[in-house]
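Structure first, commentary second.
The values are calculated or read from the model by the stated rules, or taken from the named source; none is laboratory data. In this text, all values refer to a predicted model and were calculated from it rather than measured experimentally. With ideal geometry, Cβ positions are generated from the backbone for all residues, glycine too; neighbour counts draw on all protein chains shown. Heavy atoms of the whole protein, side chains included, go into the accessibility calculation; ligands, DNA and RNA do not. Shrake-Rupley method; radii C 1.70, N 1.55, O 1.52, S 1.80 Å.
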Amino acid sequence: LAQSLFALFASSLAISLVFAIIPLCHNVVVLAVVMAVAGLAMGCIDTISNMQLVKIYQKDSAIFLQALHFFVGFGALLSPLIADPFLSDTNCILSNATANASSNLPHIRKSLVPHHPGNLSHYDLPMKGMVVTRVSYAFWIMALINLPVPIAVFFLLYKERMVPCFNSSSHPLLSADELAMESRPAEKDDLSTAVQRPHAAGGHDDLFSCCQSKNFRGASYTYFAVHITGALVLFMTDGIVGEYSGFIYSYAVEEPLSVVHKVAGYLPSLFWGFITLGRLISIPVSYRMKPATMVFINVVGVLITFLLLLIFSYSVVFLFVGTASLGLFLSSTFPSMLAYTEDILQYRGCATTVLVTGAGIGEMVLQLLVGSIIHDQGSYSFLVCGMIFGGLAFTFYAFLLFFHRMYPKPSSGMDDASPDKPAVLDDTGQYQR
């Protein structure tokens, strides 16, 4: 826990520093390095926050994961609204050619779609003059908004007596994870109770315990198959989120739809808005419905939505309806899959890292792949790619269900070296396998 909290503190503080530094970067190499640091910090936060919720709340983690990812979507929806007042509708450099360049901006935007760059040599854009942009304020405001997060994490470290300089002057918030204990039925046996109280013992596993090779000795092939198929499902679904939000605007403004640019600009916002709404709805739903059922509904819904988008590809109205529907179905896929996979693997926390990594790679790779295909095959291939990715997600989920049925059930006679055996307390109060 101490390692996780220190990593969260350092990562969240790094994000505030990065956002404060970005407007001061006047070299693209420096900017690239700064953005790489931000990516590392966000990856740490994503992995650790999911992993700790799973380890603390276990079977009840689905509700907390849905809440966590609701705020992820809410932030993605809110941050553009914060930046919007500081974005200029005219050229950012004042010179004699500013008036002509400003009038050309709508045409330039149309020519700069990701897959069909036009000939921009006839546009006169001023490269020298007084810079008048105010976009730096947006980055500084975001840095200030984020600053309470590392402060709150440091306060938690201080109250839990994990800060070396102040380990004797503060009183712990909780002697054990009382929230996790209260959320369990009273009739659980002592072994389950021991697993649910990682805070009570000082010798619980460290942050990288699941990566140790000794934990994989004697593991069945289904142990690895569950990790791989779960990661592949999220590779596809999170990849769809990335490619759809990145290319839906470009798809809409091209033929045959030819949507007006301002109207097409609402599509990414609609998509993220319904992702946020879906995650909010999923919080109470996950209390009543099993994660496996929610993932099934999600992947089937994504597949059907893409099929209907292909059938009604000439309808602008259905494009908006399909975008909203796709946002709803994709919204709870990640937290539900995480809760389901960890439930299969007895909440060791290792699957979280694999799934988060798979999702991140999918979001990166599929955007690049779809951009290349659209460039060569045209805008219609955007929906075809989504249909294929949705079909693959459903196929991998079917394999996950198969491996779940094959996966050995936990029993008291497990081999001590098995990664599936839950941690128990010995006579000294220390955790051991």
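Among the residues of the range 342-356, not a single one is more than 21 Å from Ala67 (Cβ to Cβ), within 11 Å of the chain's Cα centre (by Cα) and open to solvent by 40 Å² or more (accessible area, probe 1.4 Å).
Just checking, does the range 255-266 include any residue being open to solvent by less than 30 Å² (accessible area, probe 1.4 Å) and farther than 21 Å from Val384 by Cα? No; the residues of the range 255-266 include none that is open to solvent by less than 30 Å² (accessible area, probe 1.4 Å) and farther than 21 Å from Val384 by Cα. Close Cβ contacts (under 8 Å, 6 or more residues apart or on different chains) running from residues in the range 377-390 that are closer than 18 Å to Phe312 by Cβ to residues that are open to solvent by 60 Å² or more (accessible area, probe 1.4 Å) and modelled with pLDDT under 85 comprise Ser379/Glu255. If you check Phe6 against the conditions, is it surrounded by fewer than 19 Cβ atoms within 10 Å (Cβ to Cβ), assigned to a helix (DSSP H, G or I), of a type in the set (Phe, Trp, Tyr) and outside the structural domain of Gly278 (by the TED database)? Considered against the rule, which asks whether it is surrounded by fewer than 19 Cβ atoms within 10 Å (Cβ to Cβ), assigned to a helix (DSSP H, G or I), of a type in the set (Phe, Trp, Tyr) and outside the structural domain of Gly278 (by the TED database), Phe6 comes out as yes. Applying a threshold of 6 Å to beta carbon distances and a minimum spacing of six or more residues, or different chains, the list of pairs starting in the range 245-270 at a residue that is touching a residue at least 60 places away in the same chain (Cβ under 8 Å) and ending at one that is basic (Lys, Arg) is empty. Scanning the range 1-49 for residues that are of a type in the set (S, T, N, Q) and either in contact (Cβ under 8 Å) with a residue 24 or more places away in the chain or closer than 27 Å to Ile63 by Cβ (or both) returns Gln3, Ser4, Ser11, Ser12, Ser16, Thr47, Ser49. Within the range 74-82, is even one residue free of Cβ contacts under 8 Å to residues at least 60 places away in the same chain, farther than 30 Å from Met162 by Cβ, part of a helix (DSSP H, G or I) and open to solvent by 30 Å² or more (accessible area, probe 1.4 Å)? The answer is yes; a qualifying residue exists.
Just to be sure before I move on: is Ile311 more than 25 Å from Phe70 (Cβ to Cβ) and either crowded, with 23+ Cβ neighbours inside 10 Å or among the aliphatic types (A, V, I, L, M) (or both) in the structure I sent? Answer is yes for this residue.
When the range 293-332 is filtered for residues that are free of Cβ contacts under 8 Å to residues at least 12 places away in the same chain and either touching a helix residue (DSSP H, G or I) at 6+ places or on another chain (Cβ under 8 Å) or not assigned by the TED database to the domain that holds Gly242 (or both), the ones remaining, listed by number, are Phe312, Phe318.
Would you confirm whether or not the range 221-244 contains a residue that is free of Cβ contacts under 8 Å to residues at least 60 places away in the same chain, within 21 Å of Leu310 (Cβ to Cβ) and open to solvent by 10 Å² or more (accessible area, probe 1.4 Å)? Looking through the range 221-244, none of the residues is free of Cβ contacts under 8 Å to residues at least 60 places away in the same chain, within 21 Å of Leu310 (Cβ to Cβ) and open to solvent by 10 Å² or more (accessible area, probe 1.4 Å).
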